[in-house]
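The values are calculated or read from the model by the stated rules, or taken from the named source; none is laboratory data. Note that the coordinates shown come from a computational prediction; the quantities given were computed from them, not determined experimentally. Ideal geometry is used to build each Cβ from the backbone, glycine not excepted, and the neighbour counts take in all protein chains shown.
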Amino acid sequence: MKPLDKNYQTQLDAIALEIQNSEVLQSYLDEESEELFKQLQEKYEPLIHGVYHEVAVNNPLQIISLEKAILRDDFEGLFIPRILGYTVLRGEINSNIKYVRQQDHLREIIEFMVASPNFEYIRRRCGQTLQIGFSLSSDIYITNLCEGIENKKIVQFLQAQKLDRLRDTTERKNSYNKYRNQFKNEIYFTADFPTNLNELKLYFNSLKEFLHIRVAKRLNNESLNDSLMSFIRTKEFQKEPEYIVILGYAINFMQFSAKDDAEVSGIFNDLRKSTPDFCKQYFNFVRESLYSDVNLDSVADASLLSKIDQTIKDDITLYYKLVNVIHTKGYIHEDTMDAVKSFYGYHAGLSSVNECLRRVIYNYFEKLLLNLEPADYATFFDLSKVYQTYFDIFSNEHFTQDVKHLSMSYTDKLLKVFTDKRGKDYQEIKRFVSSSFVDFGFLKEKEVVEIFKTRRKVS
């Protein structure tokens, strides 16, 4: 957590002053009506959210300081439901859908909320959030929270948010995912950067998720550079697998100054020579990234190739030279397919680096077919000509099935457009699928017949 910049604090102070001087607040204090409190929310919560969004996008390590700064009486409890939801979702959860660590910041927000004179109106927007937060928390956590509250009605309200149905792991997981989906377009994540080995193990998953989200959303991460550089320079971390993952994010996705960039590259290259299994662990990171929503594309690969020491004859040098060939010559070029075959045969089929290579090729197939218009189906026919080559090279059932699903999806798109069974387009598609899909092992002949069988209309 970093302290809040003065300019953000100044903006908050101005909003708080405006709230206190507003006629709506004076009317609310006189009448204490829910309608007037809603008017306060509608008028001033967007202003608070504007500051929050600015911090979340540009200075995410200040988010907790910002939320603490909003916990003050002159905001009248506005925006509390929102930061309560953010805090519930930021907590790291385990496979049992429970918090890994006690959520002290969540408790701080709840304690402030229940002490607010406006709690009766605030709580009406917090029920579901509290239910999810409490389901993720331990019974001891909830008991300790309630013991610190004197008002029995408030305690009863909080205890009522602890739902029996959410004790079931499956139900809890489904409810959590549904709730989280409501916030999918919002930016509220932050992280703690570890300063020792214990913290590295403790904070790693949250830090990894934080960096992943920042990269996937293509946000400006310049404010993270000092913390990242401090982390990367910590020598006691450098033999740990968690360190290699964070280093992977840094060297592939972060924009440093020329000096810092050279230092990161130097450390990366040194570790390639000094750390056993460095390549294997690094390609575990690459594999995970290739299957995710981060943009590990030709630009990122070219950038990485420019940073590595190519005199080191390891899998990293070999891999990035190969993917450079794929990106520049294209995956259907004969030289490319020969290079892929040579590289792939040199490594174990189920190795991480080979899985990365398969995914690079698949991503090209996917990018083409997801963006290919039905009218351009001849391109699909041409693409299929290289399918068998890569099926033979990889001899991997998962790859074949992934390509099958991709091809079937595009075929379904074609058949929704070309519905005239006597039409030239339909007949060409039918001939192609009937022969090629059977040859590839995508479908059996009976399954092909089912796809193109004329169905009777139900009267």
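Assigned to a helix (DSSP H, G or I) and surrounded by fewer than 12 Cβ atoms within 10 Å (Cβ to Cβ): which single residue out of 131, 156 fits that description? Break it down into steps so the answer makes sense when it comes.
Working: 131 fails: surrounded by fewer than 12 Cβ atoms within 10 Å (Cβ to Cβ).
That would be 156, the only listed residue that is assigned to a helix (DSSP H, G or I) and surrounded by fewer than 12 Cβ atoms within 10 Å (Cβ to Cβ).
Pick from 220, 185: which is in contact (Cβ under 8 Å) with a residue 40 or more places away in the chain and not in a helix (DSSP H, G or I)? It would help to see each step written out before you state the result.
Numbers: 185 fails: in contact (Cβ under 8 Å) with a residue 40 or more places away in the chain.
The match here is 220.
Any chance the stretch 163-177 includes a residue that's more than 28 Å from the chain's Cα centre (by Cα), surrounded by 18 or more Cβ atoms within 10 Å (Cβ to Cβ) and not β-branched (Val, Ile, Thr)?
No.
So which residues in the stretch 54-81 are over 20 Å from residue 192 (Cβ atoms) and either charged (D, E, K, R) or not assigned by TED's automatic domain parsing to the domain that holds residue 110 (or both), if there are any at all?
54, 72, 73, 74, 76
Can you tell me which of 55, 51 is crowded, with 20+ Cβ neighbours inside 10 Å, more than 21 Å from residue 206 (Cα to Cα) and either under 26 Å from the mean Cα position of the chain (by Cα) or small (Gly, Ala, Ser) (or both)? It would help to see each step written out before you state the result.
Working: 55 fails: more than 21 Å from residue 206 (Cα to Cα).
It is 51.
Counting just the residues of the stretch 188-201 that are assigned to a loop (DSSP other than H, G, I, E, B) and not charged (D, E, K, R), which one comes out surrounded by the fewest Cβ atoms within 10 Å (Cβ to Cβ)? Lay out the reasoning, then the answer.
Initially, the stretch 188-201 is screened for residues assigned to a loop (DSSP other than H, G, I, E, B), giving 188-196.
Pick out the ones that are also not charged (D, E, K, R) and you get 188-191, 193-196.
Values: 188: 19, 189: 19, 190: 22, 191: 22, 193: 20, 194: 20, 195: 13, 196: 11.
Top of the filtered list is 196.
Of the residues in the stretch 88-109, how many are part of a helix (DSSP H, G or I), in contact (Cβ under 8 Å) with a residue 40 or more places away in the chain and of a type outside the set (Asp, Glu)? It would help to see each step written out before you state the result.
From the stretch 88-109, those part of a helix (DSSP H, G or I) are 88-90, 104-109; that's our starting set.
With the extra rule that they be in contact (Cβ under 8 Å) with a residue 40 or more places away in the chain, the set shrinks to 88-90, 105, 108-109.
Add one more test, that the residue is of a type outside the set (Asp, Glu), and what stays is 88-90, 105, 109.
Total meeting the criteria: 5.
So the check is Cβ under 9 Å with 6+ separation or different chains; which pairs have a first residue in the stretch 299-312 that's of a type in the set (S, T, N, Q) and a second one that's crowded, with 16+ Cβ neighbours inside 10 Å?
From the stretch 299-312, the pairs are 303/251; 303/252; 306/265; 310/317; 310/320; 311/317.
Pick out the one residue from 236, 242 that is in the same structural domain as residue 306 (by TED's automatic domain parsing), farther than 27 Å from residue 57 by Cα, in a helix (DSSP H, G or I) and not hydrophobic (A, V, I, L, M, F, W, C).
Numbers: 242 fails: farther than 27 Å from residue 57 by Cα.
236 is the lone residue from the list that is in the same structural domain as residue 306 (by TED's automatic domain parsing), farther than 27 Å from residue 57 by Cα, in a helix (DSSP H, G or I) and not hydrophobic (A, V, I, L, M, F, W, C).
Go through (1) exposed (fewer than 13 other Cβ atoms within 10 Å of the Cβ); (2) not in a helix (DSSP H, G or I) one by one and return the number of the condition residue 442 breaks.
(1)
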